[in-house]
Amino acid sequence: MKIAVLSLILTQLFCFSFITSGYSEEKIEIFFEGSVDREGVPQGWKLKEKTGEAEFKILSEDGEDIAYFKSIAASFSLERPLSIDPKRYPYISWKWKVLRLPLGGDARLKRKNDQAAQMIIAFNGRNTISYIWDTVAPEGSISDESIGWPISVKIKVITVKSGASDLNKWVSFKRNIVEDYERLYHKNPPLIKGLRVQINSQHTGTVAETLFGKIILLSDLH
């Protein structure tokens, strides 16, 4: 996962053009909707392939466009450039439906570091937070996948879901980005410059499948 995260961190900062229907003073909704390019990538997103072949498509469920990912010993993601002040929008909400976990995946072990679902937030500078659904790593556990000099990238990983108990169900998550950043890095967060949804199964050589729903940044939870 480190190389994939690094490419997000080193991506040039772009200005994010909000879709009128997805933006308000209270929240920013980030969709997978809109026209797609020849590779099937929705407008505003970029496909990043690290290993193997990306197998994905945009589907519609209950009037919402969602992203389906299937990884066969592969690692790939969709990335969205942003420019958002987390102090204004400190909360993030999203949902995943994991269909298949990578057998043997474990974020704590480099040689088994595969996950069916990840959401990575990159900040100005070289710090990131990655939220994952892991096969066995305990829920709430924190991993450090930082890369040292000369790259000097800090990657903090929070396991927000573990195991197979809720497979084939939509599971919703909410996090306070500011609190997570301050707890992990002991300082206030800078601007968010991008986010990524990702799947990996290349280390275990297995198969993983997930549906990714829309992502919402909120000014409060009321």
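No other residue among Ser83, Ser35, Ser7, Ser77 is at pLDDT 95 or above, farther than 25 Å from Glu182 by Cβ and of a type in the set (Gly, Ala, Ser) apart from Ser77. Looking at the range 40-116, the strands (runs of 3 or more DSSP E) lying wholly inside it that each contain 1 or more residues that are touching a residue at least 12 places away in the same chain (Cβ under 8 Å) and under 17 Å from Val157 (Cα atoms) sit at 75-84, 91-100. Note on the range 117-132: residues that are within 11 Å of the chain's Cα centre (by Cα) and in contact (Cβ under 8 Å) with a residue 40 or more places away in the chain total 10. When Tyr185 is tested against (1) surrounded by fewer than 18 Cβ atoms within 10 Å (Cβ to Cβ); (2) aromatic (Phe, Trp, Tyr); (3) under 16 Å from Ile120 (Cβ atoms); (4) touching a residue at least 60 places away in the same chain (Cβ under 8 Å), exactly one condition is not met: (4).
A search for C-beta distances below 7 Å between a residue of the range 139-155 that is crowded, with 17+ Cβ neighbours inside 10 Å and outside any loop (DSSP other than H, G, I, E, B) and any residue that is modelled with pLDDT under 90 and of a type in the set (Gly, Ala, Ser), counting only pairs 6+ apart in sequence or on different chains, returns Val153/Ser146; Lys154/Ser146; Ile155/Ser146. Exactly one residue among Ala107, Ala54, Ala67 is touching a Leu at 6+ places or on another chain (Cβ under 9 Å) and either closer than 29 Å to Pro189 by Cα or among the acidic types (Asp, Glu) (or both), and that residue is Ala67. Please determine whether any residue of the range 172-179 is assigned to a loop (DSSP other than H, G, I, E, B) and either in contact (Cβ under 8 Å) with a residue 40 or more places away in the chain or not small (Gly, Ala, Ser) (or both). Scanning the range 172-179, I find no residue that is assigned to a loop (DSSP other than H, G, I, E, B) and either in contact (Cβ under 8 Å) with a residue 40 or more places away in the chain or not small (Gly, Ala, Ser) (or both), so the answer is no.
The residues of the range 117-128 that are farther than 24 Å from Ala73 by Cα, touching a Lys or Arg at 6+ places or on another chain (Cβ under 6 Å) and part of a strand (DSSP E or B), listed by number, are Ala122, Asn127.
The values are calculated or read from the model by the stated rules, or taken from the named source; none is laboratory data. This structure is a prediction, so every number in the text was calculated from the model and none was measured. So basically every Cβ, Gly included, is an ideal-geometry build from the backbone, and we count neighbours across all protein chains shown.
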